[in-house]
Amino acid sequence: KPGAADGAAIALTQKYACVACHGMDKKILGPGFQQIARKYAARSDGLDYLAGRIKSGGAGVWGAVAMPPQTLAGKDARQIAQWLMEGAPK
C-alpha cells in the first residue's frame, strides 16, 4: 500500500518531468517505473546504482534511446531510487 513517501517520490517524477518518458507501468520512450523496479529489485547496490543513473543518464540498458543526465538534487534522485527499489507503488 503506497504511503506518503511514495506520493512524494511520484511528485518528484512529475516535478522533474520523468513522466514525459516513463509511464507508471508501461514504456513510453523509456521503460515504465514498475519495469525498472522489477529489473533492479534484487540488486544489493540498487539504490546507489539507480540514483547514479538518474543523475548521469545513459543508454544501452533498455535500448538505443538515451536518457540525458538529469539536473536534480542528489537527495531527490535518491528518493526516486528508493521508491523504485520498493517496487514503485502507485
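The values are calculated or read from the model by the stated rules, or taken from the named source; none is laboratory data. For clarity, every value in this text was computed on a predicted model and none was experimentally measured. Here Cβ is always computed from backbone atoms with ideal geometry, including for glycine, and neighbour counts include all displayed protein chains. Note: areas computed on protein heavy atoms with side chains; ligands, DNA, RNA excluded. Shrake-Rupley method; radii C 1.70, N 1.55, O 1.52, S 1.80 Å.
Regarding ALA66, is this residue in contact with a strand residue (DSSP E or B) (Cβ under 9 Å, 6 or more places away or on another chain) and modelled with pLDDT under 95?
Criteria met by ALA66.
Which of the residues spanning region 9-28 are open to solvent by 40 Å² or more (accessible area, probe 1.4 Å), in a helix (DSSP H, G or I) and touching a helix residue (DSSP H, G or I) at 6+ places or on another chain (Cβ under 9 Å)?
If the condition is that a residue be open to solvent by 40 Å² or more (accessible area, probe 1.4 Å), in a helix (DSSP H, G or I) and touching a helix residue (DSSP H, G or I) at 6+ places or on another chain (Cβ under 9 Å), then LYS15, VAL19 are the ones that fit.
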